[in-house]
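Student: My questions all concern the structure below.
No value in this document is a laboratory result; all are computed from the given coordinates. Just so we're clear, the structure is a prediction, and the values are computed from it rather than from any experiment. Positions of Cβ are backbone-derived with ideal geometry, glycine not excepted, and every protein chain shown enters the neighbour counts.
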Amino acid sequence: MRLPPFSSFKTPRAAAAAILALGGLVTTIVNFPGSLSFDSYVQLLEGRTQSYSNWHPAIMSWMLGVADALRPGGAYFVVFDTVLAFAALVSLLWLPRRVSWVAVAAVAIFICLPQLFLYQAIVWKDVLFADATLAGFVCLAHAAARWRMKRFRFAAIGGAVTFVVLATLARQNGAIVLLCAAVTMGAIAAGAERWRGGLAYGAAFLIAGAALAFAVNAALQLRSDGSDGTGAQFKILELYDITGMVKAQPDLPLAVLNQQSPALAASIRGGGVRLFTPQRNDTLASSALLVKALDDTPAQVLRRQWLELVRSHPGAYLALRTELFRWVFAAPDALPCHPYDVGEEGDPADMTALGMRPRYDRRDAMLNAYGKAFVGTPVFSHPAFGLAALLALALLLKRRRPADLAMAGLLVATWLFTLSFFAISIACDYRYLYVLDLSAIAAALYLLADWPTKKGTA
């Protein structure tokens, strides 16, 4: 397959690229300086003080600190996210030999979706994770498509490692992306240099990525405030599971807690069961007795109780986890799951410490109306985008161009990341699986770029 030079700006490639670039510019201008929520301000404050609790990924707080130093707030972080996402999408247009007018129509539709027009301006780690994941696999696609260009190949692989590591550090379960990228790298290399080359490239990618992720995280931990945010999150997850199982089956025994933390056992059966909802775990925090009992309970005690229930009552655990996954993946009611965010509002103490005030002006009201118009439609539906991703995956595996392997790897990584929420979901926020929507959009653009493919052009 003969690929176009990077200097090739011929219609309709130029038209599609121009629409995407203009879409990114308009998104930035209309939404500037971005939208921040509770979590955003927590991480922004950590970034400004350079003290990380590890409740959220430290890389996000650090990046916000860098952006805040350039201009107070998250404005430059929003610019980084938007440029990263739209640049990755534009570069997809330089993978096929030719670009059809179908791609022009497709990008005109895509840039109007809230996944691009609203989400890129929201200061959330989920957006950073999705953008970095997309950029990493797009780099692999370019390396695959231009494998014989040795210098370019290694530069693209280096970019892939960098962005995949950023994605790995941006989400607690982001390591899935690194593993999938390494396997994808191996598959691409195996197709170009046989299986031994595939093993070498795949292993080197995994080792380099893991080493870089470890080094960056170690450096960030030098600024840790000493709190165990990760451990606290595991305790919340286990409490959420135990409480949900007890609510579904009130006669479930809590032998470990009855013996070693009776106050927590009583609080779970009392306020915990009453406050439990499959939509999110935050409601449990409204019970002061439950929170105090949880704080007083050693992590290992709660872990033993959780393991005991999972081992002895797997049906109850799987039933609960199925219901929780249903809410995060296909929420029966989208509004409680925060499908998007506009304006600026966070914890008053954090905002005061940052010298910032809440913002919800006429522009935010218009953006809110725009986002709300899509709620309840397939545009805000992970199942719809997930189905599109599976269809694209089938087409990519059937066609099997070199770059197709990278895009297929992106979709596999995205789906595995999505499925991981079966075990870890504690809230139904739409943003958690934003990467599924963005990956499906990117795969659709890639496939439509030269649709329909003429015989002999693949």
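Student: Run the helix sum for the chain: -39,500 (n - 2.57) per DSSP H stretch of 4+ residues, divided by residue count, reported at 222 nm to the nearest 500 deg cm²/dmol.
Tutor: -22500 deg cm²/dmol
Student: Across the chain, how many lysine pairs separated by 8 or more positions, or lying on different chains, have Cα atoms within less than 27 Å?
Tutor: The number of close lysine pairs in the chain is 10.
Student: Go through the chain and flag any cysteine with no other cysteine's C-beta closer than 4.7 Å, please.
Tutor: Cysteines of the chain left without a disulfide-compatible partner: 112, 139, 180.
Student: Going toward the positive end of the dipole of the stretch 226-381, with +1 on Lys and Arg Cβ and -1 on Asp and Glu Cβ, which of 349, 234, 276 do you reach last?
Tutor: 276
Student: Could you tally the net charge around residue 303, taking each other residue with its Cβ under 13 Å from the Cβ of residue 303, Lys/Arg +1 and Asp/Glu -1?
Tutor: Once positives and negatives cancel, what remains is 0.
Student: On to the next question. If you place +1 on the Cβ of every Lys and Arg and -1 on the Cβ of every Asp and Glu, how big does the dipole about the Cα centre of the chain come out, in debye to the nearest 20?
Tutor: 2280 debye
Student: Taking loop as defined by DSSP and a crowding limit of 14 other beta carbons within 10 Å, which trypsin sites (Lys or Arg not before Pro) in the stretch 140-237 fit?
Tutor: Sparse-neighbourhood loop trypsin sites (Lys or Arg not before Pro): 148.
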